[in-house]
1. I need the peptides 284-292, 619-627, 202-210 ranked by packing, meaning the mean over residues of other C-beta atoms within 10 angstrom, with the highest value on top.
2. Order D638, D57, D375 by their accessible area, 1.4 angstrom probe, all chains in place, largest first.
3. To make sure I understand the rule: partners must be lysines, Cα under 24 Å from the Cα of K346, and not fewer than 8 residues away in the same chain. Which ones qualify?
4. Binning at 10 Å from 0, report for segment 1-47 what percent of all alpha-carbon pair distances ends up in each bin.
5. Got the relative contact order for segment 225-290 handy, in percent, Cα pairs under 8 Å and 6 or more residues apart?
6. Sort I35, I281 from largest to smallest accessible area, using a 1.4 Å probe on the heavy atoms of the protein chains.
7. Return a whole-number percent for the relative contact order of the chain, with Cα pairs under 8 Å and 6 or more residues apart as the contact set.
8. What base-10 log of the normalised intensity I(q)/I(0) is obtained for segment 159-312 from the Debye formula, alpha carbons as equal point scatterers, at q = 0.12, 0.21 Å⁻¹?
Amino acid sequence: MHNFRDVNLEALKIKDNGLFNRVGAHTPRDIGDVIPTRGLPTLKFRQPGKKYQHAYDVTDPWTALKQWMPILKNKSDLNATGCVFIGMGMGYTPLMALKYREDLSRIIVLEPCLDMFWLALNHVDLRPLLRSDKVSILAGDGEIDWQAFNRLINDQQFKLGFIISEYPPLMDWGGELYSEVKNTAATTINQSFSALSVITRFGEKLFQNRMSNLTMLRQSSPIDRLHNILEGRPVILISAGPSLSQSMEALKQVQSKVILIAGDSTVVPLLQNGIVPDIVITLDFRDVNAEKLSPELIGKTSFNLVATVQTSSMTVKRLPLDQLFFSFQENDTQEWLHHVLNIKYKMSAADSVALLSLGVAQLMAADPIILVGHDFALPSSETDHVKGAVISHGWHQQKDRFISVRGVDGSPVNTILPLLGFKQDFERMMGQHDGAYINATVSGAHIEGTRVADFKSITENGLSIKTSLKDLMNSSSGPYTASDVSMFIKAANEEVVKARKVINQAKKISNHIKKMESLVNAKRKSILKINHPAQLPQNIRAGMQKLQKLRAGLSLFMPMEEIVARMIDEAKTVNETQPADTLFKQIQKDILVSKLEMKGHLHGLEVFINSINSLTAYLSAEDEILNKLEDRTSGENDFSTLTGIYLEAGDANKASK
């Protein structure tokens, strides 16, 4: 058999010098025998898996793979689609995809076994892969560079979708190593596209929620005021996994002994079982999810609520709360808010209530943190949430999406990518914060970094009568004051002044775009005959250069970024996908992209200015009347005016008081 090591290594050195050096320093282990066939060689595993003795067909690997490979049977246009191969093997599957699926925009190979990669370098001509700009190979000895993978999948050309390709004999042979790579790749892709999708599709909704919630400024406190108030005291975090139903009786017995922090989906089932949580956590920005805490279901029960400032204002404004705490996330675009409200403790970006609950418990310095209902899996075939939960996703019915992971008792349990992603984020956050984590969840996925324990044994041996949370909270400073509100209004007005300056710039650019659009259309016939920018009429050439300069000089105004995300994404899509095979089409494209960007900026700035003006007008009017009430100088008209202000803003509870 021919040895391709030298030519492959030469190509690898040019493509990825770091990987070349790692391969050179690696001492390969014997993983099997390379056996010739009438076509390409196959590999007989030294330690085979449960099903496969050989990596490939023993007669003609290439022909057999071509007949089997799912991506070759996919009739869809895969342009702007990436394919991630779990494992290199001998390189045949990515080589085949490169040859027969030219429409693939990128191929990424994740190989966690350098021994396998070394074998392929020796026995197969991998130069087509190593010389192709569309192919990326991430290989390591038991690990993958996930930061590099994250950079690759966040490239704009990947935003239309990904295909993950796994090869059964490799998955069988590699066991947990390859399964872990597959699961991590899948969750990384899922989270990346979910985050991008939320901002792009719902950025303006997030902004409007924040503005609406800030009408509650005088009735709220920053989450900073919970810092360290449970230092050294235990807390139970309650999540809405299916197994929570089996822990209700135990929770009922201990609610007088320990602080209970519950995710919003658990509240109705808990109340149905006579359990009132001390703190409820919510973060969902969609109004439909406010039904998890519907007043019709909650009744007159009150509790402390911790909500992200972008959460649905329907959740915040309809409930008879003990205290309201707003949390601000590290990726919040409204940095000026953090400054004027003196926010010291920003929460890690969280896309699950379980993750935000953990962050709150850590901020409060609770220790130990006891987990109940944190299934992160689908142990029940009947539901994906605890019985009685208002909203269900139907994940338990999506059997084609099931992934098998290690269960809390060591046996396999089914989950799906979103839940697996939540679990991995949860594990990362635990690893960044010292303390004891006890998993008392009855069933579900094993959570790395936790000690598994029976809930009953914990509650019988480790809990004492709890300190009053109300007393602990009262010992810290209270809600925002009138002085805080005045400072906020002043800072908000300053942001409006900044926004007006930027909007003037954007209008100037928009006017220039209109002028250039008209000029280019008028000169269409003459431009169509030109192939080089230097041959353009001087006024068009100068106009396009001025446009480029104006765009580059546009001031960055971060507070509007989430509002304009969708429109800016549309402009990027046009820039990346619209063909421009002539100079005229390129000029048209540049003008169109600039036009879309400015349309987005103008919209974002106008929404920001109008929303801030409405908010400050509300807060000023409220402050004026409340001051009269405190000074006992108010009249009947003031009461009705204030009630009207509250009702117009949807602040039903404030109006009733």
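1. In descending order of packing, they fall as 202-210, 284-292, 619-627.
2. On the way: D638 30, D57 65, D375 0 Å².
Result, largest first: D57, D638, D375.
3. Reachable lysines: K205, K317, K423, K470, K490.
4. Over segment 1-47, the share of Cα pairs per 10 Å bin runs 22, 38, 36, 4 percent.
5. On the way: 62 pairs, mean separation 20.2, N = 66.
The value is 31 percent.
6. On the way: I35 60, I281 0 Å².
Putting I35, I281 in descending order of accessible area: I35, I281.
7. 12 percent
8. Summing over Cα pairs of segment 159-312 leads to -0.76, -1.28.
The values are calculated or read from the model by the stated rules, or taken from the named source; none is laboratory data. On a predicted model such as this, the values are computed, not experimentally measured, just so you know. For neighbour counting, all protein chains shown are included, and Cβ atoms are generated from backbone atoms with ideal geometry for every residue, glycine included. Please note that ligands, DNA and RNA were not included when accessible areas were found on the heavy atoms of the full protein model with its side chains. Shrake-Rupley method; radii C 1.70, N 1.55, O 1.52, S 1.80 Å.
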